[in-house]
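Worksheet: the structure to be examined is printed underneath.
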Amino acid sequence: MYRSILNSLLFLILVSVVGGNTQADIIIDDFTDETNDRFTNSGSFIGAGFDFSGVGRRSGWSTLVSQNVVITAEHSRGSGQVSFYPSNDPNSTPVVREILAGGQQIGSTDLYLRVLDEPVSSDIKIYDFATESISAPAYDENTNSGLFNAGSFQNEIAYMMGVSSTDHASPRIDQAVGRNVISGYIEDIPFDGKTDNDSLILLRESPGDAAYVQYESRFVTGDSGAPLFVESNGELLLLGVNSFISTTGTELSGVTYIGNHAGEINAFISANAVPEPNVIGLGLLALIGLSTRRRK
C-alpha cells in the first residue's frame, strides 16, 4: 500500500498543472441530488445540519475565514465576483462581493488569501479553522515510507466539497458534498513549483474496506480550492483546501492543511480587518443631534 501511495505522489505535479480551472464533477459513491447536492435543498442532504453559507463560487471557490477574507488554492484562484447563499435554497438572494485585486500566497504553499470589497452580511457563516500544528519528516520520493499521523484529525470523517454533477444553470450553485476518512499526513509535498505543502491525504477506499464510508469521495481536476471540513462541536471546522489528486496507483485526494499556517492567516486577517466605527465620533454626532433638537 505505501509503495503504491508513493508511486501516486510522483504523479502529482502533472495532475495539478493540468487541473487548472477545468470544470469537472467530484466523484461521490452512490451520489444522488437529494443526498449530495447542496442546492437541491433536500432534507436528506448529508450536510443539512451544517451551515455552508460561507462557501462561495463563481470563477473559483472561496471560503470565508473572516467578514472580508476568503481562502482558496493558489493554483486555481478565481477573480471577479463571488456569491454566498445564506441557505441551501437556490432561489434565495445571494450576497455578492467583488474579489479585490492582489492577495497573498502563504509561503510556498497552495494556500491563497483574498480580500473582498466589503464585508459579508451577518447571515453568512464565517468558519473557524484548524490551528493544530502537525509535523513529520519532509517528503522525499526516495526514502518516504508512506503516510504519517494527522494528529487529532487522523481517521476523522471529513466533508469534501466539489463541483456537483447536478445540472445547475449557474456555477454559483454547483456545489456537492461527499465524505472520506482522513488517511494521514505528508509534510512538504512539492508540486506546481511549491515546496511547503503540508498535506492531509484522503485515500479512496472500496466498499468493504474498513475505512470505507457512505458517500466515499475523491475530488477531480476542477475541484481545486474547495474546502475540506470536519465536524467540531456541531459546527464545520475548516481544515484546508483541495489542492491535488492522483489516479496512478492508489487513488488519493490531497488537501493543503491550514493549521500549520494559522498564525500567518490570522495576521493577514488582522492586517485587512474591517475598521470599527469610530465610537467617539458617533458619540459627538449624537450629542450634536441632541443639542440641535433642543434649540428647536
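Structure summary
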read-out	value
Residues being assigned to a loop (DSSP other than H, G, I, E, B), closer than 17 Å to Gly162 by Cα and at pLDDT 95 or above - total across the range 201-225	2
Residue match in the range 99-111 (condition: at pLDDT 95 or above, farther than 20 Å from Ile269 by Cα, assigned to a loop (DSSP other than H, G, I, E, B) and under 18 Å from the mean Cα position of the chain (by Cα))	no
Ser164 vs. criteria modelled with pLDDT under 95, buried (at least 22 other Cβ atoms within 10 Å of the Cβ), within 18 Å of the chain's Cα centre (by Cα) and farther than 22 Å from Tyr139 by Cβ	yes
Cβ pairs under 7 Å, 6+ apart, first in the range 39-59 and under 21 Å from Ala73 (Cα atoms) and assigned to a loop (DSSP other than H, G, I, E, B), second among the basic types (Lys, Arg) and at pLDDT 95 or above	Phe52/Arg38; Ser53/Lys125; Gly54/Lys125
Among residues of the range 64-93, those that are part of a loop (DSSP other than H, G, I, E, B), crowded, with 20+ Cβ neighbours inside 10 Å and at pLDDT 95 or above, counted	5
Every residue from the range 197-241 that is over 14 Å from Gly47 (Cβ atoms) and either in contact with a Leu (Cβ under 7 Å, 6 or more places away or on another chain) or basic (Lys, Arg) (or both)	Leu200, Ile201, Leu202, Leu203, Arg204, Arg218, Leu239, Gly240, Val241
Boolean, Gly56 is surrounded by fewer than 16 Cβ atoms within 10 Å (Cβ to Cβ) and at pLDDT 95 or above	no
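The values are calculated or read from the model by the stated rules, or taken from the named source; none is laboratory data. Small disclaimer: the values here were computed from a predicted structure and weren't measured. Reconstructed Cβ throughout: ideal geometry from the backbone, glycine too, with neighbour counts over all protein chains shown.
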